[in-house]
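Asker: Have a look at this one before I ask anything.
What follows is calculated from the coordinates using simple rules that are stated; it is not laboratory data. All values reported here derive from a predicted model rather than from experimental measurement. Positions of Cβ are generated from backbone atoms using ideal geometry, with glycine treated the same way; all protein chains shown enter the neighbour counts.
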Amino acid sequence: MGQDGGIHILGSQMDKGTQAAEGAAGGGGGAQWAARSVTSRRPEAAASVEGWGRPAGAGRPAEALAAGWDPRGAAAHLACRAPTPGGSGGGGTMPFDFRRFDIYRKVPKDLTQPTYTGAIISICCCLFILFLFLSELTGFITTEIVNELYVDDPDKDSGGKIDVSLNISLPNLHCELVGLDIQDEMGRHEVGHIDNSMKIPLNNGVGCRFEGQFSINKVPGNFHVSTHSATAQPQNPDMTHVIHKLSFGDTLQVQNVHGAFNALGGADRLFSNPLASHDYILKIVPTVYEDKSGKQRYSYQYTVANKEYVAYSHTGRIIPAIWFRYDLSPITVKYTERRQPLYRFITTICAIIGGTFTVAGILDSCIFTASEAWKKIQLGKMH
């Protein structure tokens, strides 16, 4: 009876061992099937699984199990060896993420704390940036006029001539007595110039208004209004006058250029000595104006000094005249229209925005830190 019972127990244990071996064999077959499925995609991975952790001489799964080979470890090793999507091979390489280059990392709103002080500083900051932006925009749109000085004759194509425009009224001298004389250091001496000139009677023929366009050489000289060209010299001619215009070169109508292009315009000598001569000493300065398109216009500014005196001829008679004695300056003044470059405008705007936000951030941080420290001090006093 005891022997039969021992044989029965031994048979049961053998049956259980057989079932365990079959289950292990089934598990090994499943692991081997997994290895074969991956092997169809990556032979080297399957080969590594077949050889990983398997004892020498263990060919079949049952033999491998009997030799101590663990199929679960092989499956885990296979999963680690499997390539990831986008990877270049085994080893589980992470895919390239372009967001790594982001240096402005975003902070969730839940991690920020709004304050009344920060709101006030933010509003003031935005208003200040808007004000500076509008100021810079106005300066960018507005045309800037830059002036410079240099030594040169700017209008070399003029043939050494300067155009002159003269408009003068003599209310107490008849038109037949009024004449224009021109002379200079090049030997020019012209009496009674009449080309491009006009005489308009004033005060019922008692007075005269002289308007003339003529040219002078670019050398020191003079031109004068007198009675020298009259056929008969009058007794005691009255040279009281009003100068309406005296300009040289082209007329510049530019709002932002305030030069002395008509320095004698409006000069009134009606209450001076009627028999006195008038000397206007002019220093002519060449002037160039260049607009945004590059077109140049040539004009002349001048400074003036005057004196009044009574002149006698060699016969003792008084022969008054209005003299304009001129000389040219070697210095040329150039006005150039310019607009601020776009890159400078963008740079300025970036500096305004960045600088304002930086200073405002520092100010807000200081105020917040001080307020938090004060709260801690107050809590310490309460405790």
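Asker: Please go through the residue pairs LYS156/LYS307; LYS199/LYS307; LYS161/LYS334; LYS218/LYS307; LYS245/LYS307 and name each one whose alpha carbons sit more than 30 Å apart in this structure. The partial results should precede the final answer.
Answerer: Numbers: LYS156/LYS307 33 Å; LYS199/LYS307 26 Å; LYS161/LYS334 19 Å; LYS218/LYS307 24 Å; LYS245/LYS307 19 Å.
Long pairs (Cα-Cα over 30 Å): LYS156/LYS307.
Asker: First measure r as the distance between the Cβ atoms of VAL310 and VAL206, then evaluate 1/(1 + (r/R0)^6) with R0 = 30 Å and state the FRET efficiency to the nearest 0.05.
Answerer: On the way: r = 23 Å, r/R0 = 0.76.
FRET efficiency, VAL310 to VAL206: 0.85.
Asker: Report the net charge of residues surrounding THR240, where surrounding means a beta-carbon distance below 14 angstrom and charges are Lys +1, Arg +1, Asp -1, Glu -1.
Answerer: On the way: positive: ARG209, ARG269; negative: ASP238, ASP268, GLU308.
Residues close to THR240 contribute a combined charge of -1.
Asker: List the pair-distance distribution P(r) of the stretch 149-338, using every Cα-Cα distance, as the percent of pairs falling in each 10 Å bin from 0 up to the bin containing the longest distance, rounded to whole percents.
Answerer: 9, 35, 33, 17, 6, 1, 0
Asker: May I pose another question? Which FRET efficiency value, to the nearest 0.05, do you get for ILE103 and ASP152 by plugging their Cβ-Cβ distance into 1/(1 + (r/R0)^6) with R0 = 56 Å?
Answerer: On the way: r = 54 Å, r/R0 = 0.96.
Efficiency for this residue pair is about 0.55.
Asker: Compute, for the stretch 279-352, the length of the dipole vector about the Cα centre, with Cβ point charges of +1 (Lys, Arg) and -1 (Asp, Glu) only. Units Debye, rounded to 20.
Answerer: Details: 11 positive and 6 negative charges, 54 e Å.
The dipole magnitude comes to about 260 debye.
Asker: Tell me the Kirkwood radius of the stretch 145-239: reciprocal of the mean inverse pair distance over distinct alpha-carbon atoms, in Å.
Answerer: On the way: mean 1/r = 0.0658 Å⁻¹.
About 15.2 Å, per the Kirkwood formula over Cα pairs.
Asker: Taking θ as phi - 60°, what are the ³J(HN,Hα) couplings along the stretch 241-249 by the Karplus curve (6.51, -1.76, 1.60), each to the nearest whole Hz, with x for Gly and Pro?
Answerer: With coefficients 6.51, -1.76 and 1.60, one gets 7, 9, 9, 8, 7, 8, 9, 10, x Hz.
Asker: Mind pulling up the Rg/Rh value for the stretch 328-383? Radius of gyration and Kirkwood radius, both on Cα.
Answerer: Reported Rg/Rh (Cα atoms, Kirkwood Rh): 1.59.
Asker: Return the FRET efficiency for the residue pair THR117, GLU144: r is the Cβ-Cβ distance, R0 is 51 Å, and the value is rounded to the nearest 0.05.
Answerer: Taking R0 as 51 Å, the efficiency between THR117 and GLU144 is 0.80.
Asker: Using the count of nearby Cβ atoms within 10 Å as a rough guide to exposure, how do LEU137, LEU132, LEU180 rank from fewest to most?
Answerer: On the way: LEU137 12, LEU132 17, LEU180 23.
If I rank by nearby Cβ atoms, fewest first, I get LEU137, LEU132, LEU180.
Asker: Hey, got the Cα dimensions of the stretch 286-332 along the principal axes, in Å, largest first?
Answerer: Between the extreme Cα coordinates on each principal axis of the stretch 286-332 lie 59, 15, 15 Å.
Asker: Moving to a separate point now. Would you mind computing the Rg to Rh ratio of the stretch 244-383 from its alpha-carbon coordinates, Kirkwood style for Rh? Each step should come with its number before you reach the end.
Answerer: Numbers: Rg = 32.8 Å, Rh = 21.8 Å.
My calculation of the ratio gives 1.50.
Asker: Determine the gain in length on full extension of the stretch GLU190-ILE318; use 0.36 nm per residue of separation and subtract their C-alpha separation, reporting nm with one decimal.
Answerer: On the way: separation 128, 0.36 × 128 = 46.08 nm, distance 2.16 nm.
Between GLU190 and ILE318, full extension yields 43.9 nm more.
Asker: Using only the Cα atoms of the stretch 174-225, what are the Rg and Dmax in Å?
Answerer: My reading of the Cα-based Rg and Dmax gives 12.6, 40 Å.
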